[in-house]
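First up is the structure itself, then whatever we jot down about it.
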Amino acid sequence: MIMIIDDDKGWLDYYRNLLKNFDIELFRDGVAAIQRMDKEVPKLILLDILLTGPTGFSILSEMQSYPELANIPIFVVSSVDLSATSLQKYGVKEIFNKSTMLPQNLLARVREYLNA
Amino acid sequence: MEREVFGVDSGTITVAHELKAPLSLMRQLALSIELEQDKEKISYTADRIVATSERALKQVNDLVKVARLSDGLFEMEPVNPRRICDEVVSELWELFRFNRREVISEYRNREKLVVANHDLLYSVIYNFCLNAMNYSGEETPSEIFINNTKNGIRISVRDYGPCIPTSIWREIRQYGASRPLSTAMRPGSSGLGLYIASRFIEFMNGRFGLIRHRDGTSFFVDLPISKQLSFI
């Protein structure tokens with residue numbers, strides 16, 4: 001299962017369509033997403049950073065405190081310019097900027113990580 | 001405390017962020033059309049681009065109106081709130097359907113006119129309804145109510161979404177939505193639509209407020225009734 005966490009409904013609809021051939025679950029807030037991880041550990045997480053409530057950074061920190069969640073590959077997809085090196089320690093494998101990314105690149109990387 | 005970055009206040013940053021989101025989404029949707037072969041999906045995506053751009057344009061137009069409230073462009077006159085609510089429902093019906101949502105209206109007042117500006121009141125109700133659509137589920141409709149109050153009428157729009165945090169509720173009760181709430185009120189919300197609505201309501205000498213329910217929120221505007229008889 002791919003878990004997608006973004007508080008913008010428009011973006012969730014976009015992911016639903018783009019990743020329609022994958023098993024995905026959509027979340028608008030980090031609390032519900034973390035609770036869901038108790039029941040099923042996702043194979044990949046697409047995470048926005050500027051979220052309401054706990055931010056993406058809080059979710060990343062929280063996940064690091066659980067051994068079973070610490071190694072899940074995470075793609076950060078955000079409109080904020082972020083440095084890859086500062087996020088690597090949280091298990092972030094890729095950073096996509098919402099303003100400049102290409103959907104085919106995102107799709108290709110998702111396929112690559114799920115097949116790895 | 002208001003945070004400033006190189007002379008740009010936090011409200012401006014919130015507005016810029018709010019408008020950046022639909023622009024980047026429209027770009028992604030347009031690019032994703034290239035990957036799609038199913039004509040129905042392409043048509044759906046094109047509709048989404050149009051809907052996203054229309055919402056962003058409406059927000060920009062409303063922001064321009066906020067900046068021009070003092071220019072004397074918006075006259076106060078007796079208007080029929082039921083008719084305006086019906087106009088909003090009629091315009092938004094397709095968007096609600098598109099998002100698999102429903103909006104219903106229930107008018108419990110005698111048909112009275114209120115003193116307001118038609119365009120501004122329309123924008124207020126439109127913003128309330130969009131907000132409600134965003135937070136209501138497929139099973140729970142958004143509801144527009146018109147009720148009599150002691151000195152006027154109350155138009156409220158109720159949703160069944162997540163509750164607004166208590167701190168934000170208190171702030172709005174005390175000060176109104178006097179600025180875009182960059183702390184974000186609920187998922188996906190900067191409070192910009194409510195800020196716009198509250199400016200319009202203030203201009204019309206109305207009262208803006210909200211009620212927290214256990215299962216959602218109602219945003220309302222109280223307006224004074226017009227003494228002019230309704231011929232409608």
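Can you name the condition, by its number, that A:TYR113 falls short on among (1) in contact with a Leu (Cβ under 6 Å, 6 or more places away or on another chain); (2) assigned to a loop (DSSP other than H, G, I, E, B); (3) not β-branched (Val, Ile, Thr)?
The single condition A:TYR113 does not satisfy is (2).
Output yes when any residue across the stretch A:12-23 is over 16 Å from B:ALA21 (Cβ atoms) and away from chain B (no Cβ under 13 Å), and no when none is.
Yes, some residue in the stretch A:12-23 is over 16 Å from B:ALA21 (Cβ atoms) and away from chain B (no Cβ under 13 Å).
Look through the stretch A:36-72, keep the residues that are polar (S, T, N, Q) and out of contact with any Pro (no Cβ under 6 Å at 6 or more places or on another chain), and return whichever of them is nearest to A:GLY10 (Cα to Cα).
Among those that are polar (S, T, N, Q) and out of contact with any Pro (no Cβ under 6 Å at 6 or more places or on another chain), it is A:THR55.
Hey, among the residues in the stretch A:1-11 that are outside any strand (DSSP E or B) and within 13 Å of the chain's Cα centre (by Cα), which one's nearest to the other protein chains (Cβ to nearest Cβ)?
Only one residue fits best here, namely A:ASP7.
Check A:LEU26, A:LEU106 and return the single one that is farther than 12 Å from A:ILE5 by Cα, within 14 Å of chain B (Cβ to nearest Cβ) and among the hydrophobic types (A, V, I, L, M, F, W, C).
A:LEU106
Taken together, the values in this text are just the output of simple stated rules run on the coordinates, not laboratory data. Keep in mind the model is a prediction, meaning the values are calculated, not measured. No Cβ is skipped: glycine too gets one built from the backbone with ideal geometry, and neighbour counts run over all protein chains shown.
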